[in-house]
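The values are calculated or read from the model by the stated rules, or taken from the named source; none is laboratory data. These figures come from a predicted structure and were not determined experimentally. Cβ coordinates were reconstructed from backbone atoms using ideal geometry, including for glycine residues, and neighbour counts include every protein chain displayed. Side chains included, ligands, DNA and RNA excluded: accessible areas come from the protein's heavy atoms. Shrake-Rupley method; radii C 1.70, N 1.55, O 1.52, S 1.80 Å.
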Amino acid sequence: MIQLNEMFAITLLLLTSVAAASKDDSSHVPESGFALPWGTVNLLVLTDVHSWITGHERHESNMNVDYGDVLSFVQRLHRFVDSQQQDDMDLYLVMNGDFMDGTGLSTRPPKYLTPLLKQMPFDVINLGNHELYDNATIDFILDEFIPDWNGHYLTSNSLYEPTGEALGNQYCILKGRASTILTFGFLFNFPGHSKNTIVENVEDVVRQSWFQHALTNEKYDTILVMAHMHVTDPLVQVILDAIRQHTDCSVAFVTGHTHLRGYEVLDENSVSFEAGRFLDTIGFMSWNPADAAIGSPLSPEEKFPHLFIDTNRDILTEILHATDNTTNTLQTMEGVRLTDKIHTTQDEMGLLETVGCSTCVLTFYSNR
């Protein structure tokens with residue numbers, strides 16, 4: 001049963017997010033129909049889902065995608081990529097933190113939520129501030145969740161206080177058929193973390209030896225920075241300036257935390273991209289490391305095309321059909337099983353029982 005303080009926290013989270021959405025910058029969304037702007041590196045982005053893995057179909061019929069549908073979408077896109085004769089494109093699914101809080105699936109510790117998240121084929125996960133509020137949550141994900149991601153759960157500036165070591169990995173290398181991506185995972189300078197964690201200031205971390213070593217000694221052709229912070233947070237520029245001391249290669253920032261859709265050019269070879277919240281958006285961004293170079297005649301917007309995809313099953317199906325005209329179905333067997341598992345978990349927790357109904361009609365997505 002949801003306690004009153006949990007209900008208050010959920011309500012506050014929703015109200016804060018609606019207010020943040022008024023600052024949404026979606027003016028850069030290209031008018032490209034259902035076609036994905038494929039490149040060498042192709043990112044599918046989820047951020048700030050806050051346990052809304054069931055989607056919003058019960059209250060917003062157009063937002064009817066759940067994590068089972070996302071899994072199906074990713075699997076079908078991977079099949080398309082794998083079917084191509086040339087090894088010239090890679091597809092990565094990334095999650096930029098804040099999977100905790102928001103719905104009844106998110107308990108402390110998140111023993112019901114994390115088994116469902118483990119079914120998703122994330123290539124990299126970043127840490128959000130909502131994972132850091134509670135000692136028990138940290139201890140649980142440290143033992144029961146982070147190890148499952150084989151070094152791809154990133155915590156570049158977040159440490160476990162008892163050991164002084166990073167909660168996850170400070171960075172990783174994403175290695176595809178056509179790309180090698182040096183990947184970091186930063187959190188904004190967050191002071192409200194639990195007592196068993198340490199969040200180091202970003203300004204200090206980019207001067208540390210491990211960060212310098214990664215930039216100078218690892219082999220890569222492009223850089224991805226998962227940054228749980230606003231699309232134009234000054235700390236984004238701090239990280240980029242530190243990178244630019246070592247390389248002028250293409251740098252893509254996947255940002256979040258502020259629950260909006262945003263896209264910002266940082267320099268001629270770097271952009272920042274934030275893709276919504278609460279599973280209202282699947283972000284897509286691509287680039288070609290060879291083309292996205294200093295001195296290229298292409299504009300940054302041309303080097304890093306992007307889309308904000310509304311989480312509607314018909315839209316995802318249309319995208320799949322536009323990608324491969326032999327595909328007319330969204331769901332895969334694995335995706336359907338995940339949807340069923342989510343619903344079973346909700347039922348076992350008593351979350352499908354109606355306990356009240358507002359007499360007012362609230363339009364949750366009126367200002368996305």
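Table for the structure above
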read-out	value
Pairs where the first residue, in the stretch 42-66, is over 25 Å from H230 (Cα atoms) and without any contact (Cβ under 8 Å) to a residue 24 or more places away in the chain and the second is assigned to a loop (DSSP other than H, G, I, E, B) and open to solvent by less than 10 Å² (accessible area, probe 1.4 Å), C-beta under 9 Å, 6+ apart	E57/V65; E57/D66
Flag if Q86 is free of Cβ contacts under 8 Å to residues at least 60 places away in the same chain and surrounded by fewer than 21 Cβ atoms within 10 Å (Cβ to Cβ)	yes
Test set (1) of a type in the set (A, V, I, L, M, F, W, C); (2) within 23 Å of the chain's Cα centre (by Cα); (3) assigned to a helix (DSSP H, G or I) - C249 fails condition number	(3)
Filter result (surrounded by fewer than 19 Cβ atoms within 10 Å (Cβ to Cβ), touching a Leu at 6+ places or on another chain (Cβ under 8 Å) and free of Cβ contacts under 8 Å to residues at least 60 places away in the same chain) within the stretch 174-219	T180, N189, I198, E200, E203, E218
Which listed residue, of T232, T326, is under 30 Å from V65 (Cα atoms), at pLDDT 95 or above, of a type in the set (S, T, Y) and in a loop (DSSP other than H, G, I, E, B)	T232
Extreme residue, most open to solvent (accessible area, probe 1.4 Å), among residues of the stretch 276-322 that are β-branched (V, I, T) and more than 19 Å from the chain's Cα centre (by Cα)	I294
Residue that is touching a Pro at 6+ places or on another chain (Cβ under 9 Å) and within 18 Å of K341 (Cβ to Cβ), where the choices are F140, F99	F99
The listed residue being open to solvent by less than 30 Å² (accessible area, probe 1.4 Å), free of Cβ contacts under 8 Å to residues at least 40 places away in the same chain and out of contact with any His (no Cβ under 8 Å at 6 or more places or on another chain), out of V81, V70	V81
Selection count, the stretch 259-312, where residues are within 23 Å of T54 (Cβ to Cβ) and not in a strand (DSSP E or B)	9
